[in-house]
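The values are calculated or read from the model by the stated rules, or taken from the named source; none is laboratory data. Since the model is a prediction, treat every value here as computed from it, not as a measurement. As a convention, Cβ positions derive from the backbone with ideal geometry for all residues, glycine included, and neighbour counts pool all protein chains shown.
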Amino acid sequence: MDIIAQLFAGLSLGSVLLLAALGLSLTFGQMGVINMAHGEFMMAGAYTAFVIQGVVGDAGVSLLLALPLGFVVGGLLGLLLEATLIHRMYRRPLDTLLVTWGVALVLQQVARDVFGAPNVDVRAPAWLSGAVEIGGLALPRTRLFILALAIVCVVALALALRATPLGRRIRAVVQNRDLAEASGISSRATDRVTFFIGSGLAGIAGVTLTLLGSVGPTLGTNYIVDAFLVVVAGGIGQIKGTVIAAMALGLMQAFFEYSTTASVAKVLVFVAIVAFLQLRPQGLVSVRTRSLA
Amino acid sequence: MRLRSTSRYGATRLSTVSLAALCVVALSACGARVDAGSDTSASAESCVDTSGDTVKIGFLNSLSGTMAISEQTVHDSLELAAQEINADGGVLGKELEIVSEDGQSEPTVFAEKAGKLITSDCVAAVFGGWTSASRKAMLPVFEAQDSLLFYPVQYEGLESSPNIFYTGATTNQQIVPALDYLVEQGTKSLFLVGSDYVFPRTANKIINAYAEAHDIEIVGEEYAPLGHTDFSTIVNKVKSADADAVFNTLNGDSNVAFFKEYKNVGMSADDMPVVSVSIAEEEVGGIGIENVEGQLTAWNYYQTVDSPANTAFVEAFKAEYGEDRPTSDPMEAAYTSLYLWKAMVEKAESFAVEDVTAAADGVTFDAPEGEVVVNGDNHHIAKTALIGKIGADGLIHTEWSSEEPIEPDPYLEGYDWADGLS
Amino acid sequence: MTVLTTLLRPGRTRTLAAFGLAAVLLLLAPLVLSPFRLDLLAKFLCLAMVAVGIGLAWGRGGLLTLGQGVYFGLGAYLMAMHLKLADAGPGGVPDFMLLYGTGQVPGWWEPLRSPVSAILLILVVPAALAALLGWAVFTRRVRGAYFAILSQALAAAFAILLIGQQQTTGGTNGLNGFRAFFGYDLADPVNKQMLYLIAAAVLLLMVAIVRQLTVSRFGELLVAVRDQEDRVRFLGYDPAAVKVVAYVVAAVMAAVGGALFVPIAGIVSPADVGVVPSIGFLIGVAIGGRATLLGPVLGSIAVSWAQTSISEQFPSGWIYFQGALFILVIAFLPGGLASVAGKLRRRAPEGSPA
């Protein structure tokens, strides 16, 4: 029974990591931009949920409203970042890391000055409180919800990339920017849309995190390193790799943590990733692109 | 490249010369060796200037970084106490002049800023610090410079520096009474959850020793890294261990994630109560009242304490900082610390560190938590322990009290079961 | 501006002049600064040592290492462990182990009792770790962003590991409360001054070493690897080996900086080695001019100084300032202040002092 409980814990942690990393796999994987402010976009999503709950009152309605609005808030922040800073730096992907780190610092302090340093509380709706009992196993409803939401996001993103004209444009720009440009695709516009979607996904991740933990200025920093590891281990350019890597990391953390301690588990997961990259330096799944050196 | 080869040698030659010069200076400038039998203590002369109408004191709290959440509140109540004292004529007729520094949530910065306050600003005393790491970092600085620190937070004990006054609880004023209370309630088994740092580790060492002597079974002991936010595994372990109660020494954000998870798997204070020693009034709002209602806390002060001194303190604080701001134990301890220093200085009729410490024993203050008395031997203060229950109003209400102040015993020397601990 | 121009431009007499000027300034500092400010400057010099290494690895070699805190921390902790053991006396046990540990000195601490082996280990352990990690990563052609993220995760893991081993590493408290540095009393201001001079000499030595490396064949190869790794490979060189050397040199410099930081600051804790301080090391390098010789040093000292003085005035202002520095310098001034100097020079009329 413990093994099944841990299996669920691992998948659940994996789904959280997946939500955090999905947007990154777009902006980093597809565009080569290392956005350290991704975590702060998550924070913005979480505060969006807080603000909406303050306005709407009802926890259930506000959660359902916060998901799309969190997407928009995260996306707009991303758009702003892309338009002001990132677009001038596509030739210097490593430098985007440091610039966005600066943006992250500023956003954190803005949150501190606007909402105050203490954490704020976002109430979970009644229909998400408690657990579903299956054969003596208590599966928290919030975690089931997040798992489902992660699946929805992945499917939606995959469909959007595969089946829409927009998705075709994104893939074309990723695979060969010059050729895409020559075929009449505006790579500027495509970049913006990609960044909007990727950052928006961070906003959604932030909203769901309010169900699990604290909402405070440093919410994003707790996830950013793990999220990048997921993308690196998953390999760039394909959602499939990100999904598998997120679940693998979640399961490893859960099982290592169960048999050792949380601290040791984190270190072990890191060692496992370095070892894995020895075997597959380009990550789990990789597509040959011209976007990254 | 070939053209530059001459300059290469030039650079080498010059660097050799300047390095040699520096080495000569360095070697000729050696000072005292410790093994020369020289007196290692207090080479520093105090530069505190009390000749004017004012006297400088330092506030050293983290106003930025992860600890700003908690330390800003302490800073606010210190400011309040200073304002009140100044409005009331100051200390020995001198107005307090505050020098405020930011510890940036980093021990190294605390050490640096403590040095600055003492040697550059020449303050008569410093008030602040929160984490054990920040206190441990400042301790050698205060001892080397022979200056005074007032530390306002409950901590893990096992310390008593002649240069620090501890106005928060030590373990026998918080953890031990909490355990006494649990035994009284018939608790037979405990699960320990804590963040991975010195306070929880030491607290749990004490709890283990206590449990052994009082026939309590410790069914689990788990540590989460600071800032850890996924508690599904730990809560799974807690749930399947099915103890009578959980003793929680988690810190900061982790509490939020822990209690949300705890509630999500369907557990509540009725099934397995959680006794927390790091959750005060201002954290309850961030965790969400619905997630912690009915859970227990152990402190020496709550906003709901019924006394004239507390009514005045709470009113003054809210008037200064807003109706929605609660008061909490560390804030009260910080507020008290400034008044205790004032009382010590006035008893000593001097700002000098040696006079103040000599006068410290037996100094009392009618604090919001009740009357507190300074113990001159170990520099802690006698405090009443209060077990509280978190109410639906977000405040904590006293469930149980030790009735009278408990004498501080940082090394737990008065407890037989604690023999092997330090 | 002309002084800055002179200092930052690489070249023959200029390098000489800049080096000499730096040495003189460093020598004069004890005469004009109060003991507290001198101590601060000494600390900044230690952080600048990390910056010198980053300038080589990142500026010259393009290796964006976000984990220099690990090597800084290794050097610092090894030194701190030695000082703790030395304070405890022969066969003694450091105070914090009596309080929080088992009261026994663990076996892996023992080699640090002797001053000689402690100094050797401070150099060898970080070098070995960097060589191992660098070899593993670079031969598999993990590069660019991947390397940056891995090095960052390394810093995160290192800090967690230190915090988790409280009985033997001091946990979040770190190690502090040192009384003596190789027998010299740390409370004595004269010894503090001596430490400052040692730090200054070591820093100058490092700058000289980097200067020699950059004008050597290795330096040219390193830049070539940064700009066109594949071509270097086609020419028959092994880019991985070049990168490993640069990475190891940077690691050792960070470790030495850490080792000297400990007696000067009087403390090292996990907060000094994690993800945030590791990235913090980079900003000074970027501001000064990552690919220049003295830029990283001057930038790093300037940023440390700004941090101390700004946070004295406005606590939350420093965060905004630091964030703004990252954004403005990296996005709009990738060459750092050195490039401003260069641009100004080009605009200046002929015959202006160079």
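Selection of region A:236-270 for residues being farther than 19 Å from A:Ala20 by Cβ and either more than 13 Å from chain C (Cβ to nearest Cβ) or at pLDDT 90 or above (or both) yields A:Phe255, A:Phe256, A:Tyr258, A:Ser259, A:Leu268. Only residues that are within 14 Å of chain A (Cβ to nearest Cβ) and either touching a Lys or Arg at 6+ places or on another chain (Cβ under 6 Å) or in a strand (DSSP E or B) (or both): list them for region C:164-187, please. Of everything in region C:164-187, just one residue is within 14 Å of chain A (Cβ to nearest Cβ) and either touching a Lys or Arg at 6+ places or on another chain (Cβ under 6 Å) or in a strand (DSSP E or B) (or both), namely C:Gln166.
Looking across region C:110-163, the residues that are of a type in the set (Gly, Ala, Ser), farther than 30 Å from A:Asp95 by Cβ and assigned to a helix (DSSP H, G or I) come down to C:Ser117, C:Ala118, C:Ala128. Going through (1) under 29 Å from B:Gly420 (Cβ atoms); (2) outside any helix (DSSP H, G or I); (3) among the aliphatic types (A, V, I, L, M) one by one, C:Leu66 falls short only on (1).
Each row is one residue, and each column tells you yes or no for (1) part of a helix (DSSP H, G or I); (2) at pLDDT 90 or above; (3) surrounded by fewer than 22 Cβ atoms within 10 Å (Cβ to Cβ); (4) among the charged types (D, E, K, R).
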site: A:Glu40; (1), (2), (3), (4): yes, yes, no, yes
site: A:Gly70; (1), (2), (3), (4): yes, yes, no, no
site: A:Leu80; (1), (2), (3), (4): yes, yes, yes, no
site: A:Thr96; (1), (2), (3), (4): yes, yes, no, no
site: A:Glu133; (1), (2), (3), (4): no, no, yes, yes
site: A:Thr142; (1), (2), (3), (4): yes, yes, no, no
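Condition check: more than 25 Å from B:Glu84 (Cβ to Cβ), of a type in the set (D, E, K, R) and surrounded by fewer than 19 Cβ atoms within 10 Å (Cβ to Cβ). Does B:Asp324 satisfy that? Taking the combined requirement at face value, the residue does not satisfy it. All conditions in (1) more than 8 Å from chain C (Cβ to nearest Cβ); (2) closer than 16 Å to B:Ala334 by Cβ; (3) surrounded by 22 or more Cβ atoms within 10 Å (Cβ to Cβ) hold for B:Gly157, with the sole exception of (2). Can you name the residue in region A:275-288 that is part of a helix (DSSP H, G or I) and surrounded by fewer than 17 Cβ atoms within 10 Å (Cβ to Cβ) and is also modelled with the lowest pLDDT among such residues? Checked region A:275-288; the qualifying residue modelled with the lowest pLDDT is A:Gln278.
Candidates are the residues of region B:230-250 that are part of a loop (DSSP other than H, G, I, E, B) and surrounded by 22 or more Cβ atoms within 10 Å (Cβ to Cβ); the one that is farthest from the other protein chains (Cβ to nearest Cβ) is B:Leu250. I need the full set of residues from region C:305-321 which are surrounded by 22 or more Cβ atoms within 10 Å (Cβ to Cβ) and either closer than 29 Å to A:Val33 by Cα or facing chain A (nearest Cβ under 10 Å) (or both), in order please. Residues satisfying the conditions are C:Trp318, C:Ile319. Just the residues that are within 11 Å of another protein chain (Cβ to nearest Cβ) and surrounded by fewer than 23 Cβ atoms within 10 Å (Cβ to Cβ), please, taken from region B:202-221. Across region B:202-221, the qualifying residues are B:Lys205, B:Glu221.
Matching residues to (1) within 12 Å of chain B (Cβ to nearest Cβ); (2) touching a Phe, Trp or Tyr at 6+ places or on another chain (Cβ under 8 Å):
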residue: C:Asp227; (1), (2): no, no
residue: C:Leu235; (1), (2): no, no
residue: C:Val268; (1), (2): yes, yes
residue: C:Phe281; (1), (2): no, yes
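Of the set (1) over 26 Å from B:Thr131 (Cβ atoms); (2) in contact (Cβ under 8 Å) with a residue 12 or more places away in the chain, all apply to B:Ser240 but (2).
Across region C:52-101, the number of residues qualifying as within 14 Å of chain A (Cβ to nearest Cβ), among the hydrophobic types (A, V, I, L, M, F, W, C) and within 10 Å of the chain's Cα centre (by Cα) comes to 1. Just one of the listed residues (C:Ala324, C:Ala259, C:Ala302) is within 14 Å of chain A (Cβ to nearest Cβ) and among the hydrophobic types (A, V, I, L, M, F, W, C), namely C:Ala324.
Residues in region B:361-387 that are in a strand (DSSP E or B) and charged (D, E, K, R): B:Asp366, B:Glu371, B:Lys383. Evaluated against (1) within 14 Å of another protein chain (Cβ to nearest Cβ); (2) closer than 25 Å to A:Val103 by Cα; (3) of a type outside the set (Val, Ile, Thr), A:Ser199 falls short on exactly one condition, (1).
Among the residues of region C:160-176, the one identified as crowded, with 24+ Cβ neighbours inside 10 Å and touching an Asp or Glu at 6+ places or on another chain (Cβ under 7 Å) is C:Ile163.
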